[in-house]
Amino acid sequence: QTPTFPDGTKKKTLVILGSGWGSISLLKNLDTTLYNVVVVSPRNYFLFTPLLPSVPTGTVDVKSIIEPVRAITRRAPGEVIYLEAEATEIDPKKNQITIKQSTTVHSGHSGKDTGSSKSTVSEYTGVEQITTTLNYDYLVVGVGAQPSTFGIPGVAENSTFLKEVSDAVAIKKRLMDVIEAANILPRGHPDRSRLLHVVVCGGGPTGVEAAGEIQDYIDQDLKKWVPEVADELKVTLVEALPNVLNSFSKPLVEYTKQVFKETNINLLTNTMIKKVSEKSLTATEKKADGSSETYEIPYGMLIWATGNAPRDFTRDLISKVDEQKNARRGLLVDERMKLDGTDNVFALGDCTFTKYPPTAQVAFQEGQFLADYFAKLHQVESLKHSVTTASPEQTDKLTKKLARLENKLPHFIYNYQGSLAYIGSEKAVADLVWGDWSNISSGGGLTFLFWRSAYIYMCLSVKNQVLVSVDWLKVYLFGRDFSKE
Ligand code: FAD
Ligand code: NAD
């Protein structure tokens with residue numbers, strides 16, 4: 001039997017896809033007593049992505065930056081059902097999605113834009129493949145994005161992304177393996193220098209932070225524990241554009257380049273990786289005189305961080321709604337996060353393509369906005385119900401009130417608060433904004449302390465705040481724990 005409110009309004013079913021920044025922000029701020037709320041996500045935890053680059057080197061432990069979905073749903077005021085599954089298909093006409101139970105949390109790369117038939121997604125390892133359908137009155141799509149490869153051959157097969165916990169764990173394992181494998185070879189052996197070459201592709205914040213963290217590990221720990229290889233382990237960051245961190249202000253870009261130089265991170269700008277093989281990659285460098293040079297770079301480990309591409313579910317949704325046919329980089333939504341061409345499907349975060357950047361900051365604010373929007377939408381629905389049951393004298397008054405309420409449904413307004421990135425050697429860069437009146441760019445050790453405080457403040461729970469602080473203290477006192485798990 002469909003639950004109803006005391007005024008006779010039917011309680012509608014709100015299905016939320018994903019457990020990332022957007023969906024969890026919505027869930028945390030939503031009055032869950034107003035809807036039958038169902039959360040569907042293959043990942044049964046929220047991941048605090050800003051500290052993910054600290055995981056491969058053991059600066060921060062994985063468990064310190066995740067929060068179980070059920071810990072969040074339990075604190076909600078109304079009942080929330082969580083289904084550990086992924087949405088595989090949608091029928092927007094029937095208001096129905098197909099979901100597949102999945103215990104595999106992966107960076108989501110399907111191999112579909114790689115030009116390769118090989119998928120990097122691990123196969124389902126549970127007991128049975130269970131697929132079912134789920135009906136919704138409202139659907140919020142917050143499935144995020146998968147790592148982009150731009151169809152460059154060999155990327156999906158030979159590199160590691162840095163998107164999910166499984167990626168960070170894979171990088172840690174590979175890093176340990178290349179160090180130990182190189183260590184059994186004599187100095188000067190070509191395989192030894194190849195294995196000890198870590199290449200990071202992409203000079204966006206993910207690539208810069210990953211390179212900085214690995215160089216920290218070399219300088220602060222490996223030199224102590226395995227000095228015989230530490231001076232040979234090299235980190236190279238390859239960026240196709242003339243600069244790294246292109247969304248940051250110019251002085252911070254220059255500062256980052258300077259810090260990389262001082263810490264021996266080899267920065268190759270104007271250089272695009274065109275092909276990846278098992279042991280080497282092909283890069284083309286654009287020279288100042290307009291000419292270009294193509295060469296091979298041998299590597300032991302490749303981390304691929306070149307931004308986002310739509311997930312398969314997002315592509316499926318795009319293909320089923322006419323108004324989405326021009327959507328290439330993500331779902332097209334209006335100023336209320338409602339999907340163009342639908343009445344009851346909303347989308348937020350990295351699966352959308354808007355004028356805002358694909359960041360946690362944006363997804364989080366969109367989640368807060370939708371929570372407020374759904375509360376107001378509930379008032380509209382209740383009033384609509386009152387109009388249908390009102391006496392003829394009341395109908396006119398209520399209809400006018402309804403029109404006013406519908407007009408007052410809010411629009412999303414993004415409040416940019418600044419950007420922060422860790423660049424290694426206990427230095428960070430920050431472009432900060434205070435209201436409309438002040439912009440500050442700063443970089444260095446003090447900014448690093450600010451970066452740490454800001455991220456502690458942003459952690460989702462007190463438990464995470466304590467665990468991350470303890471991890472940092474442990475590294476300060478004892479160095480990084482780099483043992484194999
Ligand atoms: P996500 O957080 O990626 O969540 C997507 C969710 O959907 C996941 O739970 C996933 O399991 C689930 N899902 C996937 N497929 C399906 C499906 N088919 N059905 C149901 N559920 C599905 N941004 C910042 O602002 N500041 C930072 O410091 C910062 N650091 C970052 C560091 C790294 C290493 C990375 C990778 C990103 C970083 N970002 C940062 C960007 C930020 O993480 C993203 O913009 C943000 O996660 C987007 O939120 P989202 O909710 O759209 O997607
Ligand atoms: P990005 O899109 O910001 O940067 C990717 C970079 O890869 C680009 O500079 C691009 O020129 C380069 N690139 C693409 N193909 C290449 C190739 N073949 N060879 C060499 N270089 C190539 O990607 P990202 O760093 O993964 O970030 C994704 C989103 O997440 C962004 O919106 C970013 O702001 C956000 N993020 C923010 C933070 C932070 O604020 N600290 C940290 C991580 C991610």
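The values are calculated or read from the model by the stated rules, or taken from the named source; none is laboratory data. Since the model is a prediction, treat every value here as computed from it, not as a measurement. Here the Cβ positions follow ideal geometry from the backbone for every residue, glycine too, while neighbour counts run over all protein chains shown. Note: areas computed on protein heavy atoms with side chains; ligands, DNA, RNA excluded. Shrake-Rupley method; radii C 1.70, N 1.55, O 1.52, S 1.80 Å.
Roughly how many Å² is the accessible area per residue of the chain, as a whole number, for a 1.4 Å probe?
For the chain, the solvent-accessible area averages 47 Å² per residue.
Kirkwood hydrodynamic radius, the range 1-51, all distinct C-alpha pairs: what's the number in Å?
About 12.4 Å for the range 1-51.
Taking all protein chains as present, what is the carbon and sulfur share of the accessible area of the range 196-270, in % to the nearest whole number, probe 1.4 Å?
56
Quantify, in whole percent, the carbon and sulfur part of the accessible surface of the range 1-110 (1.4 Å probe; protein heavy atoms only).
On the way: 2040 of 4210 Å².
For the range 1-110, the apolar C and S fraction of the accessible surface comes to 48 percent.
What list of ³J(HN,Hα) couplings, whole Hz, do you get for the range 353-360 from phi and the Karplus terms 6.51, -1.76, 1.60, once you set θ to phi - 60° and write x for glycine and proline?
Per-residue couplings from phi come out as 10, 10, 6, 9, x, x, 10, 4 Hz.
Run the dipole for the chain about the Cα centre, Lys and Arg Cβ at +1, Asp and Glu Cβ at -1, nothing else charged, and hand back the magnitude in debye, nearest 20.
Working: 54 positive and 56 negative charges, 112 e Å.
That gives the chain a dipole magnitude of about 540 debye.
What's the whole-number percent of alpha carbon pairs in the range 374-448 lying beyond 18 angstrom?
Percentage above 18 Å: 62.
If you take all C-alpha pairs in the range 163-282, what percent of them are over 25 Å apart?
25
Starting from the Cα coordinates of the range 257-309, work out the convex hull volume and express it per residue in Å³.
Given the Cα convex hull of the range 257-309, per-residue volume reads 124 Å³.
Could you give me the ³J(HN,Hα) list for the range 14-28, computed from phi with Karplus coefficients 6.51, -1.76, 1.60 and θ = phi - 60°, whole Hz, x at Gly and Pro?
Each residue of the range 14-28 in turn: 10, 9, 10, 9, x, 9, x, 4, x, 5, 6, 5, 4, 4, 5 Hz.
How high is the relative contact order of the range 268-373? Use alpha-carbon pairs under 8 Å, at least six apart in sequence, and give a whole percent. It would help to have the intermediate numbers written out before the result.
On the way: 128 pairs, mean separation 14.6, N = 106.
Once normalised by length, the contact order is 14 percent.
Rounded, prolate or oblate, given the Cα gyration tensor of the range 185-250, with a/c below 1.5 counting as rounded? Please list the in-between numbers first.
Values: a/c = 3.99, a/b = 1.86, b/c = 2.14.
It comes out oblate by the Cα gyration axes.
Please sort by residue number the trypsin sites (Lys or Arg not before Pro) in the range 151-190 whose DSSP state is loop and whose Cβ has at most 13 other Cβ atoms within 10 Å.
ARG187
Among TRP225, ILE130, ALA371, whose Cα sits farthest toward the positive end of the charge dipole of the chain (+1 at Cβ of Lys/Arg, -1 at Cβ of Asp/Glu, about the Cα centre)?
ALA371
Taking the Kirkwood radius as the inverse of the mean 1/r across Cα pairs, report the Rg/Rh of the chain. Kindly include the intermediate steps, with their values, before the conclusion.
Details: Rg = 24.5 Å, Rh = 24.3 Å.
Reported Rg/Rh, Kirkwood definition of Rh: 1.01.
Once every DSSP H run of n ≥ 4 in the chain is given -39500 (n - 2.57) and the sum is divided by its residues, what mean residue ellipticity at 222 nm do you get, rounded to the nearest 500 deg cm²/dmol?
Details: 13 runs with 160 residues, N = 485.
The helix-only estimate for the chain comes to -10500 deg cm²/dmol at 222 nm.
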